[in-house]
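Enquirer: Handing you this structure, nothing more for now.
The values are calculated or read from the model by the stated rules, or taken from the named source; none is laboratory data. All values derive from a computational prediction rather than experimental measurement. Here the Cβ positions follow ideal geometry from the backbone for every residue, glycine too, while neighbour counts run over all protein chains shown.
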Amino acid sequence: MLKNNPMVKKIVESGEERVGKLAQQLMANEKFVATVQTVVTRTLAAKGTLDSALRTALSAMNLPSTTDVEQLRSKVDDLERLLASVEAKVDTLVAAKKK
């Protein structure tokens, strides 16, 4: 209902235009871009430090990490496939003995 209102459309278009101009101005400012790059770099470094600290804490508490759980899940999947293969072979041998 509001989307069809010409006044709302005009306000939205004006807002979009202003945001676009602001984004262009910010991206043209080398100092702003450098600051954003620095923030991103530091954020990634902080995330790496946090991940490492969490792994250490989990290990100290003798709790598995996400990687440990994924590795275990992969091994269980492999075992399930192997068991299915063995079951199929046993079924084939049982069927052959019955004949």
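Enquirer: Just checking, which of V94, V36, V69, V8 is of a type in the set (V, I, T), in a helix (DSSP H, G or I) and touching a Leu at 6+ places or on another chain (Cβ under 7 Å)?
Expert: V8
Enquirer: Name the single residue, out of those in region 37-89 being among the β-branched types (V, I, T) and modelled with pLDDT of 95 or more, that is farthest from M27 (Cα to Cα).
Expert: Checking each candidate, the answer is V86.
Enquirer: Here's something else I'd like to know. Just checking, which of A60, A46, A53 is surrounded by fewer than 10 Cβ atoms within 10 Å (Cβ to Cβ) and small (G, A, S)?
Expert: A60
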